[in-house]
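Notes follow once the structure below has been shown.
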Amino acid sequence: MSDKIFNKKISGSSADLYNSSKPINLNEVVAGDLVFFKIESKKVSHVGLLLYNGKFIHASVSKGVIISDLSEKYYEKYFFSFGRK
């Protein structure tokens, strides 16, 4: 994934990105940070790029690249952590 707005290039599996990023607390997050999820798994299985106002961009198997909100029940349920590359 390449992002011209945040000038970041990220690639690899969700778990690889998690393992190579610096964990950060909620009070430290800024747009461009990574948001990780454990969706019905014991390991990180999904990643998104944080935007603004609780929104994040990510790839959905059924819908392609989409923007979602961290406050949606589904994402609240599976949220794991934030990270920074």
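For the peptides 64-75, 35-46, the ranking by mean Cβ contacts within 10 Å, running from highest to lowest, is 35-46, 64-75.
Based on C-alpha pairs under 8 angstrom that are at least 6 apart in sequence, the chain has a relative contact order of 31 percent.
Computed over neighbours whose Cβ is under 9 Å from that of Y78, the net charge equals 0, Lys and Arg +1, Asp and Glu -1. Measuring nothing but protein heavy atoms, the accessible surface of segment 1-66 at 1.4 Å probe radius is 53 percent carbon and sulfur. With only Cα atoms counted, the chain has Rg and Dmax values of 11.8, 32 Å. With the charge dipole of the chain set up from +1 on Lys and Arg Cβ and -1 on Asp and Glu Cβ about the Cα centre, the Cα lying farthest toward the positive end among the listed residues N53, N27, F82 is that of F82. Close amide H contacts of D33 (hydrogens built in the peptide plane, cut-off under 5 Å, sequence separation of 5 or more or a different chain): L50. Solvent exposure of the chain amounts to 67 Å² per residue of accessible area, where only protein heavy atoms count and the probe is 1.4 Å. Computed from point charges on the beta carbon alone (+1 for Lys and Arg, -1 for Asp and Glu), the dipole magnitude for the chain about its Cα centre is near 180 Debye.
The values are calculated or read from the model by the stated rules, or taken from the named source; none is laboratory data. Because the structure is a prediction, the values reported are computed rather than measured. Quick reminder, even Gly has a Cβ in these numbers, built from the backbone with ideal geometry, and neighbours come from all protein chains shown. Side chains are part of the model used for accessible areas, which takes the heavy atoms of the whole protein and leaves out ligands, DNA and RNA. Shrake-Rupley method; radii C 1.70, N 1.55, O 1.52, S 1.80 Å.
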